[in-house]
1. Quick check on Val12: is it more than 14 Å from the chain's Cα centre (by Cα) and part of a strand (DSSP E or B)?
2. Would you please name the residue that is most open to solvent (accessible area, probe 1.4 Å), looking only at residues in the range 95-122 that are under 11 Å from Leu20 (Cα atoms) and not in a loop (DSSP other than H, G, I, E, B)?
3. Looking at the range 67-94, which of its residues are of a type in the set (Ser, Thr, Tyr) and in a strand (DSSP E or B)?
4. Does Val48 count as under 24 Å from Ala14 (Cα atoms), open to solvent by 10 Å² or more (accessible area, probe 1.4 Å) and of a type in the set (A, V, I, L, M)?
5. Of the conditions (1) over 20 Å from Ala14 (Cβ atoms); (2) at pLDDT below 95; (3) surrounded by fewer than 16 Cβ atoms within 10 Å (Cβ to Cβ), Pro41 clears all except one; give me its number.
6. (1) touching a residue at least 24 places away in the same chain (Cβ under 8 Å); (2) open to solvent by less than 40 Å² (accessible area, probe 1.4 Å); (3) of a type in the set (Lys, Arg): which one isn't true of Lys84, the others all being true?
Amino acid sequence: QVQLVESGGGLVQAGGSLRLSCAASGRTFSSYVMGWFRQAPGKEREFVATSGRSTYYADSVKGRFTISRDNAKNTVYLQMSSLKPEDTAVYYCAAAKGILRRQSAPSEYDYWGQGTQVTVSS
């Protein structure tokens, strides 16, 4: 069982930056694929970025967001820059064990955090 706790959300003006953190329990953090997803009101949960053997990004955040991980600290980060109002959402951290068929699919992930709110004002 893996527990994930996100932090770092908040209110920021358009063009600003935030860094989200996700702390994971467990001893095998390095073996997990870690992902960030987000969900805006009235919309489905969507893929943002993932870190496994490689990193992948949604087109909407490519060049603005950076996912990274510190396996020694069991933590994955999402550095968000040049934020836009459309980035406003609850951001979720997720963990998956094994080889994923589609790293962008929420159904592939086994564990989820509680989410952290990011609000970008115009």
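The values are calculated or read from the model by the stated rules, or taken from the named source; none is laboratory data. The structure displayed is predicted, hence computed values, not measured ones. Counting neighbours? That spans all protein chains shown, and the Cβs are built from the backbone with ideal geometry, glycine included. Remember, those area values only see protein heavy atoms, side chains included, never the ligands or the DNA or RNA. Shrake-Rupley method; radii C 1.70, N 1.55, O 1.52, S 1.80 Å.
1. For Val12, the condition - more than 14 Å from the chain's Cα centre (by Cα) and part of a strand (DSSP E or B) - is met.
2. Gln117
3. Ser68, Thr75, Tyr77, Tyr91, Tyr92
4. no
5. Only one criterion is unmet by Pro41, namely (1).
6. Failing condition for Lys84: (2).
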